[in-house]
Amino acid sequence: MRSFIGTHEVLDNADFLELALGTPPELWLGSESETDEDRAARMDAAADILADDPELIAPVAAVTVMAVEEFAHRQLVTARRGRTAVSQ
């Protein structure tokens, strides 16, 4: 099944988030490989975007919460797998 937002086809969750927010999710969440300088520039850009469009604050907060929950879930699953492997 194919999904569309407007005329854009949604290929995965990242596409959905980018189309919903109008910006790449990485702008709000960062990446593991970013430098301190990259992070500062990203945060400045994000602050400018939110200053121009305060209505984005709620959706960005929701995306951030979802990312934290997903990260925590993955950490929990990984920890459980590690305990199971050790106890066998």
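Placing +1 on the Cβ of each Lys and Arg and -1 on the Cβ of each Asp and Glu in the chain, which of Asn13, Ala47, Pro59 has its Cα farthest towards the positive end of the resulting dipole?
Asn13
Solvent-accessible area per residue for the chain at a 1.4 Å probe radius, Å²?
80
Trp28: net charge of surrounding residues, Cβ under 11 Å, Lys/Arg +1, Asp/Glu -1, itself excluded?
So the environment of Trp28 carries a net charge of -1.
Need the C-alpha centroid separation for the stretch 1-17 versus the stretch 55-83, integer Å.
With the stretch 1-17 and the stretch 55-83 each reduced to a Cα centre, they are spaced 21 Å.
Please work out which option in (i) 51, 21, 21; (ii) 55, 41, 22; (iii) 41, 23, 22 gives Cα extents along the principal axes in Å calculated from these coordinates, and answer with its label.
(ii)
Given R₀ = 30 Å, FRET efficiency for Met1-Glu34 by Cβ-Cβ distance, to 0.05?
0.30
Out of residues 5 or more away from Val10 or on other chains, whose amide H comes under 5 Å of its own, with H placed 1.01 Å from N in the peptide plane?
Here Ser3, Phe4, Ile5 satisfy the definition.
The values are calculated or read from the model by the stated rules, or taken from the named source; none is laboratory data. What you see is a predicted model, and the numbers here were worked out from it, not measured in a lab. Quick reminder, even Gly has a Cβ in these numbers, built from the backbone with ideal geometry, and neighbours come from all protein chains shown. To get the accessible areas, we keep the full protein, side chains included, count just its heavy atoms, and leave off ligands, DNA and RNA. Shrake-Rupley method; radii C 1.70, N 1.55, O 1.52, S 1.80 Å.
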